[in-house]
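Presented below is the structure to which this report refers.
Read-outs throughout are calculated quantities, based only on the coordinates presented, and are distinct from any laboratory measurement. Given the structure is predicted, the values throughout are model-derived calculations rather than measurements. FYI the Cβ positions are ideal-geometry reconstructions off the backbone, even for glycines, and counts take in every protein chain you see.
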Amino acid sequence: MVLKEPCNLEENRTPLEMADLPTPVPGGRDILIRVSACGVCHTELDEIEGRTPPAHFPMVLGHQVIGRVEKSGIKAKALKVGDRVGVGWIFSACGKCKFCVEGNENLCPDFKATGRDFNGGYAWYMTVPEAFAYPVPDVFSDAEAAPLLCAGAIGYRSLRLTGLRDGQKLGLTGFGASAHLVLKMARHQYPRSKCFVFARSEEERSFARELGAVWAGDPAEESPEKLDGIIDTTPVWRPVLWALENLEPGGRLVINAIRKEDLNREYLKKIDYPRHLWMEKEIKSVANVARRDVREFLDLAARIPIKPEVQEFPLEEANRALVELKERKIRGAKVLKIGT
Ligand SMILES: [Zn+2]
Ligand SMILES: [Zn+2]
């Protein structure tokens, strides 16, 4: 399924078209993967609607890919034909810059994204550098493993970036696919920490309580206790100010959003230094994922275990899955089942 040009999903509800492409040939350090499942992510909406557009067209989207190694390039020797692997948002990085050397290849100036800079997993086959494919723990089915590769891995990185220690208080603003996985991880990694969730719908709030949040309220509400770390996954600006107000001195707000929409951006002008920033409060964004995040998260998810609820669609119905995601018709993570 290929995207030929950016468009507005409200006007065009079938942005992707079925196309017959030649099976890609793996380069020396690449592997060819026969895809069996690919998760559907909000970032695909950002790509289709031009907020983070593909590098060229047509582009095969999809960056939560599960499949089996079909063929290896002559210099790709770590994986064997038939191995089950996953591919996430990070497709490749230069490997030489200071960020790559430190293991922060997500910050590499030459960072390339799966399904944006190179063809991704909405297809029967894809190639990827072998070093950017990960073995998938056996406890997960293909469909269960797919959504872990994005929402889960980036949630893991966000939680790590809060710098939280066990016993410190965590807040989550917005409670979608990533945040609900973060809550599960936090309960496991920081068993003495209390979690507070800020979400607009009562449905999301009661889900948060079910998963162990000690408190759940509207994003505009004042937190009953000040928080050491907050992760914001909303696409807008107003919750940023609310979150800063709820932070403890020395607390950190981590914004996990690839782009913020312009909606209610004017609230930023209301930032009040003593209320929102004074006392060493910090704001940090989280960008992409490094390989370490994906590997560590898959391992953690298998141990907890974290199994996402999934709703499956055949590849041919990718457009329907995307439109439903846009319209927030969400019953678990959407996953395309591909091939036989
Ligand atoms: Zn680099
Ligand atoms: Zn994603």
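Things to note:
- All distinct Cα pairs of region 80-234 go into the 1/r average, and the inverse of that average, the Kirkwood radius, is 17.4 Å.
- Packing around the peptides 320-332, 158-170, 270-282, taken as the average count of other Cβ atoms within 10 Å per residue, puts them in this order, highest first: 158-170, 320-332, 270-282.
- Between region 35-72 and region 224-295, the Cα center-to-center distance that results, in Å: 28 Å
- Charge dipole of region 69-208 (Cα centre as origin; +1 on each Lys and Arg Cβ, -1 on each Asp and Glu Cβ, all else neutral): 500 debye, rounded to the nearest 20.
- Using the Cβ-Cβ distance between Asp83 and Ile330 with R0 = 41 Å, the FRET efficiency computed as 1/(1 + (r/R0)^6) comes to roughly 0.80.
- Using the empirical formula 2.2 N^0.38 Å as the baseline, the Cα radius of gyration of region 181-340 reaches a ratio of 1.17.
- Panel note: the C-alpha atoms of region 145-263, placed on their principal axes, show extents of 36, 36, 28 Å (largest first).
- Dipole of region 1-61 [Lys/Arg +1, Asp/Glu -1 at C-beta], most positive-end residue of Val2, Pro58, Ala37: Ala37
- In a fully extended conformation the segment linking Val139 and Glu245 would gain 34.0 nm over its present Cα-Cα distance, using 0.36 nm per residue.
- FRET efficiency, Ala19 to Arg265 (Cβ-Cβ, R0 45 Å, nearest 0.05): 0.75
- Principal axis extents of the C-alpha atoms in region 58-147 (largest first, rounded to whole Å): 36, 30, 27.
- Volume per residue of the convex hull around the Cα atoms, evaluated for region 1-88, comes out as 106 Å³.
- Between Glu222 and Trp278, the simple spin-label model (points 7 angstrom out along Cα→Cβ) gives 1.6 nm.
- The chain: angle of helix 177-189 to the longest principal axis, Cα-based, in degrees nearest 10: 70 degrees
- Equivalent ellipsoid semi-axes - Cα gyration tensor, region 24-73, angstrom: 25, 14, 7
- Using alpha-carbon coordinates, inclination of helix 151-161 to the longest axis of the chain, degrees: 50 degrees
- Using the rule -39500 (n - 2.57) for each DSSP H run of four or more residues, divided by the residues of the chain, the 222 nm mean residue ellipticity is -6500 deg cm²/dmol.
- Simple Cβ-charge dipole of the chain, Lys/Arg +1 and Asp/Glu -1, about Cα centre, in debye nearest 20: 940 debye
- DSSP bridge analysis restricted to the chain gives an antiparallel fraction near 50%, rounded to the nearest 5.
- Computed over the chain, the percent of Cα pairs more than 32 Å apart is 29.
- The protection proxy used here, the mean number of other Cβ atoms lying within 10 Å of each residue, ranks peptides 182-193, 16-27 as follows, highest first: 182-193, 16-27.
- In this simple spin-label approximation, Glu11 and Arg320 carry label points 7 Å from Cα along the Cα→Cβ vector, and these lie 2.6 nm apart.
- Selection among Phe313, Val294, Ser178 by position relative to the dipole of the chain gives Val294 as farthest towards the positive end (Cβ unit charges, Cα centre).
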